[in-house]
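J.: Starting off with a structure, shown below.
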Amino acid sequence: MNVNQHTPVAAPYGQPHPGYGQPNFSPLDGGYPAPYAPYNGPASAYQPGAPPQGPVRAPPTSGAPPVSSPQTYNQYSHSQGGVQNGPPLMTQAPPRPAVSQQYAPGAGNVSGPHPSYPQHYGPPAAMQQVTNQMSGMQMNSGPPTPAGPGYAPPHSSQPPTSTAFSAAPPASYSHAPPHVSSSTPVQSPPPCGPAASQQYYGGPPPAGQQPFPSSPAPPPPTSQHSFPPSSYSGPMLPPSQAPPASQPQPPYTSAPPPVSQPAFMPGPPLPSSQGSFSPRGPPPSSQPGSFPPPSAPPTSLPSGQYPTSMPPPQQQQQPPPPQPSPYHSGPPPPTSQVPPTSMAQSNHLPPGPPGPPGGLHHPQPHPGMPGGFPPQQNGAFGQVRGPQPGYAGPYPGQPNYGAPAPAPAPAPHPQKRLDPDAIPSPIQVIEDDKAKTTEPFSTGVRGQVPPLVTTDFQAKDQGNASPRFVRCTAYNMPCTADMAKQSQVPLAAVIKPLATLPPDESPPYLVDHGEEGPIRCNRCKAYMCPYMQFIEGGRRFQCSFCNCVTEVPPHYFQHLDHTGKRVDCYDRPELSLGSYEFLATKDYCKNNKLPQPPAFIFLIDVSYNAVKSGMVSIVCQELKTLLDCLPRENPESDSLVRVGFVTYNKVLHFYNVKSSLAQPQMLVVSDVSDMFVPLLDGFLVNVNESRQVIESLLDQIPEMFADTRETETVFAPVIQAGLEALKAADCAGKLFVFHTSLPIAEAPGKLKNREDKKLIGTDKEKTLFQPQVSFYNSLAKDCVAQGCCVDLFLFPNQYVDLATLGVVPVSTGGSIYKYTYFQAQLDKERFLNDLRRDVQKLVGFDAVMRVRTSTGIRATDFYGSFFMSNTTDVELAGLDCDKAVTVEFKHDDKLSEETGALMQCAVLYTSCSGQRRLRVHNMSVNCCSQLADLYRNCETDTIINFFSKYAFRGLLNNPTKAVRETMVNQCAQILACYRKNCASPSSAGQLILPECMKLLPVYLNCVLKSDVLLPGADVSLDDRAYLRQLISCMDVAETHVFFYPRLLPLMKLESGSLPLAVRDSEERLSKGGVYLLETGLQLFLWVGASVQQELLLNIFGTPSFSQIDGSMTTLPVLDNPFSQRLREMVDSFRAQRSRYMMLMVVKQEDRNELIFRHFLMEDKSAGGGASYVDFLCHMHKEIRQLLS
């Protein structure tokens, strides 16, 4: 595949780090076995009679550098939708070649069961046959076969009579834009200076992180990506066309299906709302079902090789599940391309050496392309892009990842590329789910898969927790451990116990059982919930978690109705709802004593850097007003939270702000090796009582330290001081630490600068993510014991060893905020918004969480910001409304399909008013004995949330390369298991993905390309440590937009609705357009060079592109509907996220464009990350290797 790698420009973060190649990818140039000869292109390109295979094609070695070279950040070379200069906007489904006719949604496959595609390994079809097949093939993931799992009707050589799509003449793939653009060399813009090295985390969000797609957009019209010929080891996927936006994606198969089998399986299409991954073949037996424990680095097999061999493909005995059909796209493409799942058309491969016969035809211009801009290839606006010289292939092995391309040689004649519009589109899946979700989501049905996190829906609690509190990777769990191990689908739940609910959903009810406290099972201690069975007329109840029978206390007794339910069932939240709270008694408190209200202590660094940057004066000024916004239960009453103040550099200054004083008093503690609090009375005070003294203090602090020359700071003693103050007051609380530099002053917790770029990419790299000294681990343990949560606001100008400083915040359930190179003018707005939200948000203190499960499974692993002193209790000194904990489950016995599996998450915490409470969330899921049922009920976004946390934790004990390979291996096993056991027979060259998991490859590739796993040269160690810690406690919606950002075209804005998103690829950008990109940490407003004057006047108030100020971070307030609507959109996006997203205006061809491109996740990245198309090809190769 020609991965179009443009001429490398200075990577946004500089050159790629050594050692960060994509693991496991074989070179494209012929690295795959011959059966995957280069694919020549869409069916129409096949010449009848040409043998399907040809020599493996090496990636083009010469050719002009791709046009979009400037993009530093294109993460895999635009393989997915291209930027469209001219193609029509996404407001409607792009025209597709006839082949992919519409599949009437919802309609089963009319003609009868379509084969479900278990792999069929027959000899490759002859070219002629392939062509014929392609013409009737539709790549849709179809509905399950009526015939029942696994029994596909025999393939006949003619298309079923009433297939859902009419067989169209072989597609001529005329939609693709003329290939012309692929041969002209384009000049890459010069690397852009400083901006390129912007910090994405302190400043703009990290570049490498892409949020998951959060915004749906239909796939743009097909614009092509040039794909390097992938060297597949097997037949290629035939190009098939992407179904129109509204249709399900066609299955992608790249080999010729057995005689023209319909591409769909009969049956209604699976709901697109579940992205699930397709199972891989059973994992090799030697592989643990889940990733190898971090301690053992995954074997780094060559890409695609698994330790054990899979059973031969032919023996697929498992009936295919009634899953939607995998994507077959038709005859195997002659070229070695990986077929994307729904690659309906492989539009054209990038030009490359000639391959098998099958002439190239240039596709006609895109229908519907607005005149004016030829479709762009790979991001070059209007310019032709050539194959990437020197680019051996997207996978490891590749020598040339970030190196400059060799001088362009004449381009070989163009090959057809895989059409990015033909592979599964995140935007399409998101939009389909939105269209399907019209009713409120009722949680009363066991095992029901909820709408995607990108869909706006209302949840109605009818017995299971709302998806806002709990999301599972699979809503149909395998009955046995063997089945779970075979599929490799992780069984996990992402729990956000204190999640904020929208205004139209009621918060959990608070139940008070008085002195007796909550009703519980005598044996397993599970709390009363809707799953408990009352027996003997209501006098006893049987626990559904452990089956033990417990007496009902007399005060709780109630009669049963004729169905065996209590007559007061619907009057009691704990008997009818999935989520509720109990008021806890003294038995649930420390020392059997009800808790005091919590305290907030503000600890401000007043060293030279802190004062000079303006941070000290900004914090002091803001605290004056912020103290009126402390959290409270009742908005009408005053907050009960007390406050205290400390400033520090090499020594600590405590302040007495007692209400009876005329002026605050400072007490200095210079012996930082044995920290103590020099005063008790007057340190923690009520804001209203001491307001005048506090304001006087906040006015004086900036003046007192205005002329300081002290540059050294301490850090651990600062936390110790806050901890000691909370101990003395006998309460829990939160420390807000504002810190600027590496703590090098003599004191406990002193650190040295250990940043060593030479270790990156080596086996010792993992040590950089581990704490430098163990002191902070023991300090964190002490903080948790006291209920002392630490939130850290960092303002570094250089390395501060965040991996070590972050230990206490992460272990105590706190948050870390980072503002690299803090400049008051530029960063003040972001910092103050983060601080306000952090102080005001709902938070619980001194929390303990336990997850109980029904017999057969148990919670084995936990990911997030917390501390664990045993294997079952998750301890959180603080738990706020933004924190999520991901829990992994393993089998310890068999599960039953009748009873399903139950889990109950109970969190004991102290509210901000000092009440001890228990919040309970219950969840029930189905259990299955057929793999097909598992694959039909997975949620891809949640699986990716789990995988990212699993991988990022693995970095502490394994080399980065091993972690990446483990991820690719597990994903390949999930999909291979599906192919082997659930799909109808089809040729090995076809890539078949489960409907629910068709986005697994694109999202996993985003995780692999994140700055944590594949950093650009300018991504600092602190940035990576920051992102690692940040993602560890994200919920599913946050990881989604972080890994696959939302990209919205702004050419037309209507009030009340958002524009349809487009895919994250430079090919989707039009020179005449303006786009808003949201990553969850940052917002980018990209302005094309040919934008109409009217649009510029509406947004910026200036008629000329050259007059736009590229350094602005806020949009001008203009009196026109467009400006107003755009600002409303930006505000609403910010309101949805837990961190304030700063806006960066990016002008096309400007230096900041490198940063912006870094987030176009479907493109190749400057640091060597594969494009979506290339990665899909690589996954196909891995799956084939597993199956063979």
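A short reminder: the numbers here are calculations on the coordinates, not readings from a lab. A quick note: this is a predicted structure, and the numbers were derived from the prediction, not measured. No Cβ is skipped: glycine too gets one built from the backbone with ideal geometry, and neighbour counts run over all protein chains shown.
J.: With just the Cα atoms of segment 813-853, tell me how far they stretch along each of the three principal axes, in Å, largest first.
T.: Each principal axis gives a Cα extent; for segment 813-853 these are 50, 20, 16 Å.
J.: Additional query: Highest first, please rank the peptides 1037-1044, 670-677 by the mean number of other Cβ atoms sitting within 10 Å of their residues.
T.: Packing proxy ranking, top to bottom: 1037-1044, 670-677.
J.: Further question on the same structure: Suppose every Lys and Arg Cβ carries +1 and every Asp and Glu Cβ carries -1, with no other charges. What dipole size does segment 1034-1188 come out with about its Cα centre, to the nearest 20 debye?
T.: Roughly 160 debye, rounded to the nearest 20.
J.: Highest mean first, what order results for 710-718, 635-643 on Cβ atoms within 10 Å?
T.: 710-718, 635-643
J.: Would you mind pulling out the separation of the Cα centroids of segment 556-592 and segment 785-863, in Å?
T.: 34 Å
J.: Skipping prolines and chain starts, which residues have an amide H placed within reach, meaning under 5 Å, of the one on Arg566, given they are 5 or more residues away or on another chain?
T.: Amide H neighbours of Arg566, under 5 Å, 5+ apart: Asp561.
J.: While we're looking at this one, here's another question. How would you order 1131-1139, 1028-1036 from highest to lowest mean count of nearby Cβ atoms within 10 Å?
T.: In decreasing order of mean packing, 1131-1139, 1028-1036 become 1028-1036, 1131-1139.
J.: D for segment 537-669, whole µm²/s, Stokes-Einstein with Kirkwood Rh over alpha-carbon pairs at 4 °C and 1.567 mPa s: what number?
T.: 62 µm²/s
J.: Relative contact order for segment 601-743: what percent, with Cα pairs under 8 Å and sequence separation of 6 or more?
T.: Reported relative contact order: 34 percent.
J.: Counting pairs of alpha carbon atoms under 8 Å apart in space and at least six apart in sequence, what relative contact order in percent does segment 681-747 give?
T.: After rounding, I find 39 percent.
J.: So, R0 is 35 Å and r is the distance between the beta-carbons of Met704 and Asn592; what FRET efficiency does that work out to, to 0.05?
T.: My answer for the efficiency is 0.20.
J.: While we're looking at this one, here's another question. Could you give log10 I(q)/I(0) at q = 0.08, 0.11 Å⁻¹ for segment 681-827, computed by the Debye formula over C-alpha point scatterers of equal weight, without solvent?
T.: -0.27, -0.51
J.: Let me ask something additional. What are the semi-axes of the equivalent ellipsoid of segment 797-877, taken as the square roots of 5 times the eigenvalues of the Cα gyration tensor, listed largest first and rounded to whole Å?
T.: 34, 16, 10
J.: Holding the Cα-Cα limit at 26 Å, pick out from Lys1052/Lys1147; Lys496/Lys525; Lys460/Lys593; Lys757/Lys949 the pairs that are longer than that.
T.: Lys460/Lys593
J.: Let me ask you something else. So how far, in whole Å, is the C-alpha centre of segment 942-967 from the one of segment 1049-1126?
T.: Between the Cα centres of segment 942-967 and segment 1049-1126 lies a distance of 36 Å.
J.: Okay, moving on. Per residue of segment 520-534, what does 6.51 cos²θ - 1.76 cosθ + 1.60 with θ = phi - 60° give for ³J(HN,Hα)? Whole Hz please, x for Gly and Pro, Karplus curve as stated.
T.: 9, 6, 5, 8, 8, 6, 5, 8, 3, 7, x, 8, 6, 9, 8
J.: Apply 1/(1 + (r/R0)^6) to the Cβ-Cβ distance of Leu667 and Asp638, taking R0 = 30 Å, and write down the FRET efficiency to the nearest 0.05.
T.: Working from the Cβ atoms, E equals 0.60.
J.: Once amide H atoms are built 1.01 Å from N in the peptide plane, which residues 5 or more positions from Val1146, or in another chain, come under 5 Å H to H?
T.: Leu1085, Trp1086, Val1087
J.: Report ³J(HN,Hα) in whole Hz for each residue of segment 670-684, in order, from the Karplus equation J = 6.51 cos²θ - 1.76 cosθ + 1.60 where θ = phi - 60°; Gly and Pro get x.
T.: For segment 670-684, the Karplus-derived couplings read 9, 8, 6, 7, 9, 6, 8, 9, x, 8, 10, 6, x, 8, 9 Hz, x marking Gly and Pro.
J.: Right, here's the next one. Can you work out D for segment 867-986 in µm² s⁻¹ from Stokes-Einstein, where Rh is the Kirkwood radius over C-alpha pairs, the temperature is 10 °C and the viscosity is 1.306 mPa s?
T.: For the chosen part, D equals 88 µm²/s.
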